[in-house]
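The values are calculated or read from the model by the stated rules, or taken from the named source; none is laboratory data. All figures in this text were calculated on a predicted structure; none of them were measured in a lab. Cβ sites come from the backbone with ideal geometry, for glycine too, and all protein chains shown count toward neighbours. Surface areas here come from the heavy atoms of the whole protein model, side chains and all, with no ligands, DNA or RNA. Shrake-Rupley method; radii C 1.70, N 1.55, O 1.52, S 1.80 Å.
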Amino acid sequence: MKTKAVSLGLSMLLSCVSAQIGGIQQEPLRVPLDPTKYKEACPDYKNYAMRKHPPYSDGPLELPFQRPSKHCRTFTSPLVEKTIKDMTEKILDKDIARLFENAFPNTLDTTVRWHVDGTVKHKKSKQTWDPEAWKGPQSFIVTGDINAEWLRDSTNQLAQYQSLAKKDKAIHNLILGAINTQVEYVIGSPYCNAFQPPPPSGLSPTYQGDGDDVHPAYEQSFVFECKYELDSIAHFLSLTNQFYNHTRSIEFLTPRWLLAIDTLLELLEAQSKPTFSEKGSFQRNEYSFQRRTNTGTETLNLNGVGNPLNGGTGLIRSAFRPSDDATILGFLIPANAMVSIELRRTAAILQATSKKQLASTVLGWADAIGAGVWEHGVVQHKKYGKVFAFEVDGYGSSILMDDANLPSLLALPLLGFVNSDDEVYKNTRKMILEKNGNPYYLTGDEFQGIGGPHIGLQHAWPMSVLVQAMTSDSDEEIKKCLGLVKNASTNGLIHESIMVDYALDYTRSWFAWANSVFAQTVLDLAQRKPHLLFGEGAEPYVLD
């Protein structure tokens, strides 16, 4: 009896303490959480990603679990959760499994700042917009720790979910919304690379205040940054092409999408013009960019137009690289290769949907640009033989290097421009993966890979190492690449860049694009080389 009394008294005491702390009545824990109030308390993911959170993986690195609470995630999909479960159970290396568990859903977990499925009216706003704009599903996808959408980044961030769009209506609408949102960005400011939240979202724009002097002029509440990058246009096409390839849906094919294609073709026409006319007189380019900066890669020389380019090449000028660094010679070969392929794929969609005249025009551009890459972008190297140059000017000058950002020369087979066994590509691959062949191939005590001028001469990008794995057929090379990235990702996420001599020195704890490339690499190996992930004799895991 005495034991029961003590037990009962203790129970009553605990009950009283839990009900009243400091004289303030407390809500019982069993009351359901209000999701809206819970979201207000969600931590800033940029800071959250810098700290390790349990439970830790069963691998030797004991990698942390870095997904936000389910109440703090910006988009959810049961099919994505099933894929995570399937893969993490099968992957033998539990540190790789944990990285996949964190990286595969990272875009959905953290970067979908606004999504509407098109069934509800937009909220009232002080801003006005074209009444034909922002119709149907819309999706605003930020790159991570910057509250802006890059066309390139958002396309790559969504790539690993494209194969789920046919089975998952929510993913289908998310990607369709991303296409529709990019359509409005392309129509509104085709020369720009990064954009503010759409006006109907009600989200506040972020101004970076770099003092840019840009032509054509743009609206700062609509555009975050206006560096003209040819690959941004190519990625807009790629987002649509991937969606169509996996779903065969043509819901995106609206008058607005067709207007975006027309706008894109006008840009190609303007940016295919040489610096000097046939008579030798200077003709100023439609696009110019100058920034008040002490970093040369952040602005264009010669009053914002860049170095001279020759005519008759079939190539398209790109003022900036995918790294957002200025080009030296404006015909950027990886971007031209990518846009030629994506135009060809778009032409096939237009042909299949009876837009035959437009299809013919688009295909004509694809053929001309592709031919220009082969004619002017392939040069003779005294050591490696015929290789793809990184940049050319049409006068005979070339830049021999590669940058980590996509598209790159290393990624040409992933783009669909060449097969990995193409002789010119094999020579190029050998050149850019050697220190003596590529000035931005960086090696150190703890990491190695391709970097670029964007971060500096000591930081290589995991993204480039992952692309190296996806373009290799060598088990040993692939395992080495995975090991490098795994060992440099002790926070459980993939960083933007790693200091090659000290892997704990990195840039960006939260970079959704890099996490997506890691997920794409693991899914590629699960299908192409399942034994490397699941063990000898394992069956391929195909997301489709």
Residues within segment 279-321 that are part of a loop (DSSP other than H, G, I, E, B), within 24 Å of Gly396 (Cβ to Cβ) and either at pLDDT below 95 or not hydroxyl-bearing (Ser, Thr, Tyr) (or both), tallied: 20
Failed condition for Phe100, given (1) assigned to a loop (DSSP other than H, G, I, E, B); (2) open to solvent by less than 80 Å² (accessible area, probe 1.4 Å): (1)
Residues that are closer than 30 Å to Ile250 by Cβ and out of contact with any Ser or Thr (no Cβ under 8 Å at 6 or more places or on another chain), drawn from segment 315-344: Ala337, Val339, Ser340, Ile341, Leu343, Arg344
In segment 70-88, the residues that are at pLDDT 95 or above, surrounded by fewer than 16 Cβ atoms within 10 Å (Cβ to Cβ) and not in a helix (DSSP H, G or I): Thr76
Answer residue from segment 398-435, given it is out of contact with any Leu (no Cβ under 9 Å at 6 or more places or on another chain) and free of Cβ contacts under 8 Å to residues at least 12 places away in the same chain and is surrounded by the most Cβ atoms within 10 Å (Cβ to Cβ) among those: Lys426
Residue satisfying all of: in segment 327-351; of a type outside the set (Gly, Ala, Ser), closer than 15 Å to Leu268 by Cβ and in a helix (DSSP H, G or I); most open to solvent (accessible area, probe 1.4 Å) among these: Arg344
Considering residues of segment 517-537 that are touching a residue at least 24 places away in the same chain (Cβ under 8 Å) and assigned to a loop (DSSP other than H, G, I, E, B) only, the residue nearest to Asn156 (Cα to Cα): Lys529
Residue check, Asp231 closer than 25 Å to Leu329 by Cβ, at pLDDT below 95 and of a type in the set (Asp, Glu): no
Qualifying positions in segment 44-60 - closer than 19 Å to Ala519 by Cα and either outside any loop (DSSP other than H, G, I, E, B) or touching a helix residue (DSSP H, G or I) at 6+ places or on another chain (Cβ under 7 Å) (or both): Ser57, Gly59
Filtered residues of segment 364-397 (kept if in contact with a His (Cβ under 9 Å, 6 or more places away or on another chain), within 20 Å of Tyr440 (Cα to Cα) and either open to solvent by 40 Å² or more (accessible area, probe 1.4 Å) or in a loop (DSSP other than H, G, I, E, B) (or both)): Ala389
Tally of residues being outside any helix (DSSP H, G or I), touching a Leu at 6+ places or on another chain (Cβ under 8 Å) and over 25 Å from Pro55 (Cα atoms) across segment 478-515: 1
